[in-house]
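Each remark here refers to the structure printed beneath this line.
Just so it is clear, none of the values below were taken in a lab; they were calculated from the coordinates. It should be emphasised that the depicted structure is a prediction, and the values quoted were computed from it without experimental measurement. Cβ sites come from the backbone with ideal geometry, for glycine too, and all protein chains shown count toward neighbours.
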Amino acid sequence: MKILLVAGARPNFMKIAPIVRALKPRSVHGLVWKIVHTGQHYDYEMSQTFFDELEIPEPDFFLEAGSGSHAEQTAKIMVAFEKVCQDEKPDIVVVVGDVNSTLACSVVAKKLMIKVAHVEAGLRSFDLSMPEEINRMVTDTLSDYFFVTEKSGIDNLLKEGKPKKKIHFVGHVMIDNLFYQLDRLNHQDPSQLSIYDLKKNLEKYAFLTLHRPSNVDDRATLADIATALNEISDKVPIVFPIHPRTKKMLKSFDIKLSQNIHLLEPLGFRESLFLWKDAIMVMTDSGGLQEETTALGIPCFTIRENTERPITIEEGTNTLVGNSSKGILEAFKKFEQGSRKEGKVPELWDGKASERIVDVLVNVKETL
Ligand code: UD1
């Protein structure tokens with residue numbers, strides 16, 4: 001059986017790394033797998049550094065899609081991936097997450113009658129203004145195998161009429177990667193990390209990531225969020241590795257951040273983990289960090305109106321604070337006054353999701 005494993009953007013790399021680790025020992029049983037990097041993310045800090053640090057082998061195919069409008073980016077990936085599929089004739093294409101590469105490659109594979117397996121299937125924000133929601137919905141419409149991270153994913157897929165036997169509740173590959181990297185970090189000399197001195201010099205700090213178009217592409221919204229962040233940073237310094245999109249938008253809108261907000265270039269996975277795991281709180285609009293903070297019990301304030309990962313709210317340490325300064329500041333005030341969510345780690349977030357996925361994929365062989 002031949003599998004093509006697709007990754008394109010930063011959050012995909014964390015998700016394929018543990019799958020690759022689980023696939024490696026199975027290769028001897030007639031399982032062939034190859035990695036396709038679409039090139040959606042391409043800067044060294046957004047791509048290569050993750051391949052190195054997360055121990056992902058060099059991709060077998062690099063599609064060089066690059067940036068562009070959604071249509072341009074998706075189309076470039078589709079044209080290049082179709083050729084790879086025609087040449088390689090895989091039995092299954094495995095896509096992860098909800099980025100444009102996920103949608104592009106699942107459409108191409110399905111039209112070539114290749115089975116599609118979606119890792120992180122079934123999540124729904126029910127907010128179609130989010131490009132990721134469209135990517136999730138289209139990918140799940142086409143997928144043959146659904147690997148689900150949390151119960152809401154099962155419910156959503158069943159409501160959408162997916163057959164129960166194709167839905168596999170396996171836990172979360174993102175958490176497999178987190179636990180693996182945390183262990184690596186604990187066995188490493190932290191003074192080798194570039195942000196070691198910064199952390200050492202901060203008695204306490206908050207950690208921030210921000211990159212969603214709905215937060216950073218509109219001047220008034222970004223300015224309002226910046227007002228809240230500047231005010232919070234008067235009380236607690238904020239460490240902020242900045243996404244290229246956000247950097248570009250802050251500059252073009254001429255929005256100034258306080259000196260108490262420590263701006264960093266995008267960080268590798270381990271450096272980022274080294275910082276946020278000891279932060280007093282995390283503020284983010286990322287999908288993955290909502291889940292990772294829940295897994296490690298760190299308070300997380302999500303700068304969004306909704307989340308496709310409700311278990312992080314229901315069981316974890318996540319709180320939705322919206323994307324206005326009012327909501328962000330109210331949440332921070334409560335936090336300052338000592339309000340904390342008692343979180344627990346969701347079911348099957350145990351570091352073994354990739355093993356479960358590979359077990360299913362190996363057995364799929366019989367049904368192909
Ligand atoms: C993409 C995903 C988003 C994910 C995020 C993580 C989609 C629709 N969005 O958003 O779900 O949370 O990745 O980072 O797939 N850029 C660079 N260097 C790079 C890559 C991008 O400078 O290596 C800049 C470019 O100006 C580009 C912009 O970032 O236009 C946006 O990149 P893109 O991949 O389109 O979307 P992200 O905002 O990164």
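With the gyration tensor restricted to C-alpha atoms of the stretch 219-317, the semi-axes of the equivalent ellipsoid amount to 23, 16, 13 Å, longest first.
Scan the chain and note any complete DSSP helix (H) whose C-alpha atoms cover at least 18 Å along its axis and whose Kyte-Doolittle average is -0.5 or more.
The answer, listed by residue number, is 10-23, 70-88, 173-186, 219-235.
Rg/Rh for the stretch 310-361 to two decimals, with Rh computed the Kirkwood way over all alpha-carbon pairs. Don't skip to the end; give the middle numbers.
Details: Rg = 16.3 Å, Rh = 13.5 Å.
Looking at the stretch 310-361, the ratio lands at 1.21.
Taken over the stretch 51-107, the alpha-carbon convex hull comes to 103 cubic angstrom per residue.
Of the chymotrypsin sites (Phe, Trp or Tyr not before Pro) found in the stretch 102-191, the ones in coil according to DSSP and having at most 16 other Cβ atoms within 10 Å of their Cβ are F126.
Two decimals, Cα atoms only, Kirkwood Rh: what is Rg/Rh over the stretch 69-141?
Working: Rg = 11.9 Å, Rh = 12.3 Å.
In the stretch 69-141, Rg relative to Rh is 0.97.
Please arrange V216, V32, V107 by how many other C-beta atoms lie within 10 Å of their C-beta, fewest to most. Let's see the in-between values first.
Details: V216 25, V32 13, V107 20.
Ordered by Cβ neighbours within 10 Å, fewest first: V32, V107, V216.
Dividing the helix sum by the residues of the chain, where each DSSP H run of 4 or more adds -39500 (n - 2.57), gives a mean residue ellipticity at 222 nm of -13500 deg cm²/dmol. Annotation: lysines with alpha-carbon distance below 29 angstrom to K164 (same-chain offsets under eight excluded): K2, K15, K24, K34, K89, K110, K111, K115, K151, K344, K352, K365. Once Rh is set to the Kirkwood radius over Cα pairs, what Stokes-Einstein translational diffusion coefficient, in µm²/s, holds for the chain at a temperature of 25 °C and a viscosity of 0.890 mPa s? Reported coefficient: 117 µm²/s. Sorted ascending by nearby beta carbons within 10 Å, beginning with the fewest, M78, M281 become M78, M281.
Note down the relative contact order for the chain as a percent, whole number, built from C-alpha pairs under 8 angstrom at least six residues apart. Mind showing how you got there, number by number?
Details: 675 pairs, mean separation 58.5, N = 368.
It comes to 16 percent, rounded to a whole number.
Relative to its residue count, the stretch 267-319 spans a Cα convex hull of 68 Å³ per residue.
Note on the chain: GNM, Cα springs under 10 Å; of G97, G122, G322, the largest mean-square fluctuation is that of G322.
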